[in-house]
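Comments concern the structure below.
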Amino acid sequence: MSNFKDTTKIKTVAYLGRAGSFTEMAKDYFCEKYELDAYQMPFRTIKEIVAYVEDDADAVGIIPMENAKEGIIRESNDNLIKSSNENIKILSETIMPTNNCLLSKNSEIYNITGLIAPAPAIARCQEYIKSELPMNLNIINVSDTEEAARLLNSYNLTYAIIGTEKTAEIYNLNILNPNISNDKDNYTKFIMIGSLDTEPTEHSTSSIAITLIDKPGALYKIVKEFADRKINITYIHATPSKLEADEYILYLDFAGHIKEPRIEDAIEHIKQHIKYYRFMGSYERI
């Protein structure tokens, strides 16, 4: 069941990346989950997506938020915080495996003699390439996976590319190996952002960003305000602030919805211990 008041007003879904990207796969997940019948528009940067959603109340955006290996994605956090439209917030989240696949028009892996791929993809799959593919493998470097998929039509059936399950679906390719990444258990959290209002559910989580006043015990007092109201803080992360030098922004996730009275009360009380506050959203925790 949707935790949104009305998803029919969503006319555009903006997402990051070219055809077959992991963010496109996340976009497909959100569109299916919330039955979004909207125009789907790809963008090249997270900044462009946030700016587009800022200016269009009928749009939502899909962006990566955190990676299991590389941590929090600063571009997403920074652009959300710097957004001039305070109604823009996290509406939903999903965590997806980010597996690189070996794809080809060929159906047999032992026939592969060439690989078309961008340098970052080759680096992410270096261990597999060295151990499982021929020593004299012919590697053709390209700018991105979409170019690799298009170029594959110009080569014989012994060539493969590195892509995603979505790449295989779009270009009608065989998945010769579903996970050739160096890190086999890599996951990325993706979020849907927009200006819709969400409703509380039993699995609601809220996120805020704050900076502390420069006084001893400020963080303790904030944690205590939540603890006194039996609100469970599930995540705390600090990153250097781009708003002011020598300052850190704290990101806090806690159980519950911003519309709950005890959470509204906690937020009001922590404001005496902070000098910056940004509500990042209340949404269903998966």
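The values are calculated or read from the model by the stated rules, or taken from the named source; none is laboratory data. Since the structure is predicted, the reported quantities are computational estimates derived from the model, not experimental observations. Cβ placement follows ideal geometry from the backbone for every residue including glycine, while neighbour counts extend to all protein chains displayed.
Observations
- Summed over the range 5-23, the residues that are crowded, with 20+ Cβ neighbours inside 10 Å and in contact with a strand residue (DSSP E or B) (Cβ under 6 Å, 6 or more places away or on another chain) give a count of 7.
- Here Tyr128 clears all of (1) in contact with a helix residue (DSSP H, G or I) (Cβ under 9 Å, 6 or more places away or on another chain); (2) at pLDDT 95 or above except the condition numbered (1).
- Qualifying residues in the range 184-231 (those that are touching a residue at least 40 places away in the same chain (Cβ under 8 Å) and among the small types (Gly, Ala, Ser)) - the one farthest from Leu102 (Cα to Cα): Ala218
- Residues satisfying the stated conditions in the range 121-173, i.e. assigned to a strand (DSSP E or B) and either farther than 22 Å from Ser21 by Cβ or outside the structural domain of Ile109 (by TED's automatic domain parsing) (or both): Asn138
- Each residue in the range 158-182 was checked for being under 16 Å from Ala123 (Cβ atoms), out of contact with any Gly (no Cβ under 6 Å at 6 or more places or on another chain) and crowded, with 20+ Cβ neighbours inside 10 Å, and 4 pass.
- Whenever a residue of the range 145-156 is at pLDDT 90 or above, its partners that are surrounded by fewer than 22 Cβ atoms within 10 Å (Cβ to Cβ) and aliphatic (A, V, I, L, M), lying with C-beta atoms within less than 6 angstrom and at least six residues away or across chains, give the pairs Glu146/Ala19; Ala148/Val142.
- Count of the range 241-286 residues which are under 20 Å from the mean Cα position of the chain (by Cα) and farther than 22 Å from Thr94 by Cβ: 3
- Number of positions in the range 160-206 that are over 30 Å from Asn232 (Cβ atoms) and of a type in the set (Lys, Arg): 2
- Filter result for the condition that a residue is exposed (fewer than 14 other Cβ atoms within 10 Å of the Cβ), out of contact with any Ser or Thr (no Cβ under 9 Å at 6 or more places or on another chain), modelled with pLDDT under 95 and not polar (S, T, N, Q), over His273, His203: His203
- Listed by first and then second residue, the pairs with beta-carbon distance under 7 Å, at least 6 apart or on different chains, first residue in the range 17-33 and not assigned by TED's automatic domain parsing to the domain that holds Ala148, second of a type in the set (A, V, I, L, M) and assigned to a loop (DSSP other than H, G, I, E, B), are Phe30/Leu36.
- The one condition in (1) in a loop (DSSP other than H, G, I, E, B); (2) under 19 Å from Asn77 (Cα atoms) that Val50 fails to fulfil: (1)
- On inspection, Ser181 passes the criterion of being of a type in the set (Ser, Thr, Tyr) and in a loop (DSSP other than H, G, I, E, B).
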